[in-house]
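The values are calculated or read from the model by the stated rules, or taken from the named source; none is laboratory data. Bear in mind the structure is a predicted one, so any value in this text is a computation, not a measurement. We place every Cβ from the backbone using ideal geometry, glycine too, and count neighbours over all the protein chains shown.
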Amino acid sequence: MSDTAPRDFIRQIIADDLASGKHAEIVTRFPPEPNGYLHIGHVMSICLNFGVAAETGGRTYLRFDDTNPGKEDEEFVRAIEDDVRWLGYDWGERLTHASDYFDRLYAAAELLVEKGLAYVDSLSAEEIREYRGTLTEAGKDSPYRDRSVEENLDLLRRMRAGEFADGEHVLRAKIDMASPNINLRDPALYRIRHVRHQHTGEAWPIYPMYDFAHTLCDAFEAITHSLCTLEFEDHRPLYNWLLDQAEPPARPRQIEFSRLNLAYTVTSKRKLAALVDEKIVSGWDDPRMPTIAGLRRRGYPAAALRDFVKRAGVTKKDKLIEMGMLENSVREALGDSSPRRMAVLKPLKLVLTNYPEDQVELMEAKNHPGNDEMGTREVPFSRELLIEQDDFMEDAPRKFFRLKPGGEVRLRFAYIIRCDEVVRDDEGNLVELRCSYDPATKSGMPESDRKVKGTIHWVSAAHAVDAEVRLYDRLFNVANPNAAEDFHSVLNPGSLDVVDARLEPALGETGDRVPVQFERLGYFWPDPVDDAPGARVFNRIVTLRDSWAKIEKQAMQAVG
């Protein structure tokens, strides 16, 4: 990767470990659970884990934490692989699964039993919760805690053989039921689940718990730095206890960093799944979703996401990041590379009454105002045009520099025109503007330097291409929807506006699907799912300016 990142506290730790000789090579891992699509929060973890290894010539594993069959699916596995690869990272031969180590994990469980450090508990799940205590009250020992090593081994092996029903027994570590850290109050290591596993089939009726499997898989793969988010800080004592007692071949170091929390989004997989299941969105890749698949379908470049997490930084403090920061990264990534085109999203008919009825001119238009190497194109111009409804105002304020009765504007790449007449239907609705053009003001002509204060875009009505344009906005209308009692109550009803637009002919071609700037409107690109020849569909990636800036600043101040 060519992207560089400033030296944060994790990179400083790694630099010190290399300098001291503690590690000769850095090995990291990205360990997603395949029970949903990755989201914007995962981008930080992906970029950090793959980034710090690549920067030091190290290695990164893509390891699927597939210890919870029933909620996991191959669809999610494929989606995760696509997302990581699209972001620009390559795991090479280092694609693994927690299930690859099930035999070794089970052997470690038997070792803990043999050492008197684990036991089979026969309490129900509800009883285990009651015995665990609270944050202010110590837990109490299970009546099964003092089973003999021999009895525990026998029960564990019978669990492994599939003799017991789900929930009948659970294997627990024997640590300290009075510990102030609830994670050390004899945490579960294995539970019985008679569920087919997508990777191992019917081979296992018992499955390891996350903390147990994650810790030892890190050790089996000789991970040097196990990077995870702050909610796992309280799990670190258990992580280290397992490394101390299970005798794995290596000893990784767990380091926590803050989650990437983005304003106006939710990243809870439960809530994201609800949005999909309740058909509030069209799917996991709906362009309003904060999933990587959704951002990719909307048109966000991978480079913009990498830039965004670099700007957000790696810290120890949880924070809510403004959506505007992400959108600015997108604008910067698209600005220099996106060709310009003209499109009218909400058309208003404009007739040039003094322009020949059958005449068509081809106007030369730059593909990019700041890059002559991108060349020019020809745009047809005729008597009947379409302009944006918002570019005309009948009772215009003094500083309205677009079209108004008796006012003049320049048509982009064409002529200066004057609005002479406003036409309405029988119900009083505006249906047409009748204007006149000045033939001496064609762009590029000597007389064309006559100045007017406004320039608007247009398309020729006879040559325009029909298209569906999807205008996406924030999915929620409050900065922190997670704080709402019911996240449904803060959904933004205007998060999607579908308009029947008219585009210049160059946008009718379905060649390379690349982002373009619709002049004065924003960045758009063909929807990779629904766009087709003869049925063009464009997604708005981002507006040209941050129209939410003032609102978002106030909202962010309100949430602290």
All positions within region 381-406 that are touching a residue at least 24 places away in the same chain (Cβ under 8 Å) and not charged (D, E, K, R):
PHE381, SER382, LEU385, LEU386, ILE387, GLN389, PHE392, PHE401, LEU403
Within region 443-462, work out how many residues are crowded, with 18+ Cβ neighbours inside 10 Å and not in a strand (DSSP E or B).
2
Suppose we filter ALA501, ALA483, ALA535, ALA479 for residues that are within 19 Å of ALA365 (Cβ to Cβ), outside the structural domain of ARG402 (by TED's automatic domain parsing) and small (Gly, Ala, Ser); which single one remains?
ALA501
Select, from ASP166, ASP176, ASP186, ASP211, the only residue that is of a type in the set (Asp, Glu), outside any strand (DSSP E or B) and crowded, with 20+ Cβ neighbours inside 10 Å.
ASP186
Taking ALA263, is it crowded, with 22+ Cβ neighbours inside 10 Å and outside the structural domain of ASP73 (by TED's automatic domain parsing)?
yes
Sole residue being at pLDDT 95 or above and either under 30 Å from ILE292 (Cα atoms) or not β-branched (Val, Ile, Thr) (or both), chosen from ASP121, ASP73
ASP121
Only residues that are among the hydroxyl-bearing types (Ser, Thr, Tyr) and touching a residue at least 40 places away in the same chain (Cβ under 8 Å): list them for region 217-251, please.
THR224, SER226, THR229
Quick one: would you say GLY36 is within 30 Å of ASP277 (Cα to Cα), outside the structural domain of ALA274 (by TED's automatic domain parsing), modelled with pLDDT under 95 and touching a Leu at 6+ places or on another chain (Cβ under 8 Å)?
yes
Considering each of ARG158, ARG85, ARG63, ARG78 in turn, give the residue that is over 22 Å from the mean Cα position of the chain (by Cα) and either under 22 Å from LEU305 (Cα atoms) or among the basic types (Lys, Arg) (or both).
ARG158
Could you tell me whether ALA109 is outside any strand (DSSP E or B), assigned by TED's automatic domain parsing to the domain that holds VAL43 and closer than 14 Å to ILE206 by Cβ?
yes
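Matching residues to (1) outside the structural domain of LEU87 (by TED's automatic domain parsing); (2) touching a helix residue (DSSP H, G or I) at 6+ places or on another chain (Cβ under 8 Å):
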residue: TRP241; (1), (2): no, yes
residue: ARG251; (1), (2): no, yes
residue: ALA273; (1), (2): yes, no
residue: LYS279; (1), (2): yes, no
residue: THR291; (1), (2): yes, yes
Filter region 386-418 down to residues that are in contact with a Ser or Thr (Cβ under 8 Å, 6 or more places away or on another chain) and assigned to a loop (DSSP other than H, G, I, E, B) and give me whichever is surrounded by the fewest Cβ atoms within 10 Å (Cβ to Cβ).
ARG412
Name the single residue that is farthest from VAL379 (Cα to Cα) among those in region 424-441 being without any contact (Cβ under 8 Å) to a residue 60 or more places away in the chain and in contact with a strand residue (DSSP E or B) (Cβ under 8 Å, 6 or more places away or on another chain).
ASP425
Does GLU72 fit the bill of being under 18 Å from SER226 (Cβ atoms), assigned to a loop (DSSP other than H, G, I, E, B), out of contact with any helix residue (DSSP H, G or I) (no Cβ under 8 Å at 6 or more places or on another chain) and not polar (S, T, N, Q)?
no
Pick from GLU421, GLU378: which is among the acidic types (Asp, Glu), part of a strand (DSSP E or B) and either free of Cβ contacts under 8 Å to residues at least 12 places away in the same chain or farther than 15 Å from VAL351 by Cβ (or both)?
GLU378
Return yes or no: is LEU471 among the aliphatic types (A, V, I, L, M), in the same structural domain as ARG536 (by TED's automatic domain parsing) and touching a strand residue (DSSP E or B) at 6+ places or on another chain (Cβ under 6 Å)?
yes
Could you please find all residues in region 354-374 being surrounded by 12 or more Cβ atoms within 10 Å (Cβ to Cβ), assigned to a loop (DSSP other than H, G, I, E, B) and in contact with a strand residue (DSSP E or B) (Cβ under 8 Å, 6 or more places away or on another chain)?
ASN354, TYR355, VAL360, ASN367, HIS368
